[in-house]
Every structure is written in C-alpha cells, then in structure tokens.
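> The structure follows.
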Amino acid sequence: MNHPIYQASLDQITARLPPNAPVHMLNLLRFRADGRREGYFGAYVGAFRAIAADLGIDGIEPIWTGTVAGFVAGPQEEAWDTVLIVRYPSLRAFRSIVESERYREEALPHRLAAVVDWRLIAQTEMQRPR
C-alpha cells in the first residue's frame, strides 16, 4: 500500500478529514480465477485483523459483504466479484495498519495472491437532510 500513488491519495484524504472521524472503505474486488476468494477472506483478512489487534486498533467492523450479480448501469468490462464495506474508527487507524512493515510482510502477499483487480474508495457518512 506504500506505492507513491496510494500515498498521495491517502495524504489528500487525510488532509480533508477530521483526525478521528470514522471512515468507511468500499472495496470492489475481482479475484483470480483459481479460487482465491477463500484466500482473501481467510489468510488476508486474518493477517489484517491480527495486525490491527497487535497495534491496539479496535472498532474495525465489516458493514456489508455481497457477491456481485451483475451491472445494471456501468461498464460491463468492470466485472467485480465481491463488494465489501468496512468501517474504520479513523483514517489514521487504517493508515497505521496498511503503512506498517508487518502489513507489507504478512498481509499484502495474501491480497496480491488473491486479487487480480480492486478499487478502494474512502467514504465518510453523509448527514441526510431531515
């Protein structure tokens, strides 16, 4: 995750958010054809959770996971397998995990082995008008 493009994006988002504001990450995932979904949800998620726990980060919560049935609108060539929304207590908490050496050594290899393409979109909760 320490790729310069990701770093610049995370820096921009961090500058726009209050330091302790919760953030929801929308993950769009396309898995490798050889059954790597299980590796993602097993090895990658397991390593990610262990790193968060060891860093003392609580409050990470999967909000929703779904299998993509198909596109109603949008480019058909963007075929995603799974949508995952995860709530983090703050962007700082997310960054402390993905920018750690331990993430690069223990979690990232599992994500790279499982996922052929992905999108990660940071979101804040929008206040709806009453």
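No value in this document is a laboratory result; all are computed from the given coordinates. Note that the structure is a prediction, hence the values are computed from the model and not measured. Every residue, glycine among them, receives a Cβ derived from its backbone with ideal geometry; neighbour counts consider all protein chains shown.
> Find the strands (runs of 3 or more DSSP E) located wholly in the range 1-95 whose residues include 3 or more that are under 14 Å from the mean Cα position of the chain (by Cα) and surrounded by 14 or more Cβ atoms within 10 Å (Cβ to Cβ), and list them. Steps first, answer last, please.
Values: elements: 23-31, 61-67, 82-88.
In the range 1-95, 23-31, 82-88 are the strands (runs of 3 or more DSSP E) which contain 3 or more residues that are under 14 Å from the mean Cα position of the chain (by Cα) and surrounded by 14 or more Cβ atoms within 10 Å (Cβ to Cβ).
> Moving on. If you check every pair at least six apart or on different chains, which have Cβ atoms under 8 Å apart with a residue in the range 6-22 that is closer than 13 Å to Phe94 by Cα first and a residue that is charged (D, E, K, R) and part of a helix (DSSP H, G or I) second?
Filtered contacts from the range 6-22: Leu10/Arg95; Thr14/Arg92; Thr14/Arg95; Pro19/Arg92; Asn20/Arg92.
> Follow-up question, since we're still on this one. Picking from Thr67, Thr82, which residue would you name as being touching a residue at least 24 places away in the same chain (Cβ under 8 Å), hydroxyl-bearing (Ser, Thr, Tyr), more than 28 Å from Ala15 (Cβ to Cβ) and out of contact with any Cys (no Cβ under 9 Å at 6 or more places or on another chain)?
Values: Thr67 fails: touching a residue at least 24 places away in the same chain (Cβ under 8 Å).
Step by step, each of Thr67, Thr82 is checked, and only Thr82 is touching a residue at least 24 places away in the same chain (Cβ under 8 Å), hydroxyl-bearing (Ser, Thr, Tyr), more than 28 Å from Ala15 (Cβ to Cβ) and out of contact with any Cys (no Cβ under 9 Å at 6 or more places or on another chain).
> State which residue is farthest from the chain's Cα centre (by Cα) when the search covers only the range 96-129 and only residues that are free of Cβ contacts under 8 Å to residues at least 60 places away in the same chain and not in a helix (DSSP H, G or I).
Pro129
Yes or no, residue by residue, for (1) among the aliphatic types (A, V, I, L, M); (2) within 20 Å of Val115 (Cβ to Cβ):
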{"position": "Ser9", "(1), (2)": "no, yes"}
{"position": "Met25", "(1), (2)": "yes, yes"}
{"position": "Asp34", "(1), (2)": "no, yes"}
{"position": "Glu38", "(1), (2)": "no, yes"}
{"position": "Phe48", "(1), (2)": "no, yes"}
{"position": "Asp54", "(1), (2)": "no, no"}
{"position": "Pro62", "(1), (2)": "no, yes"}
{"position": "Thr65", "(1), (2)": "no, yes"}
{"position": "Leu91", "(1), (2)": "yes, no"}
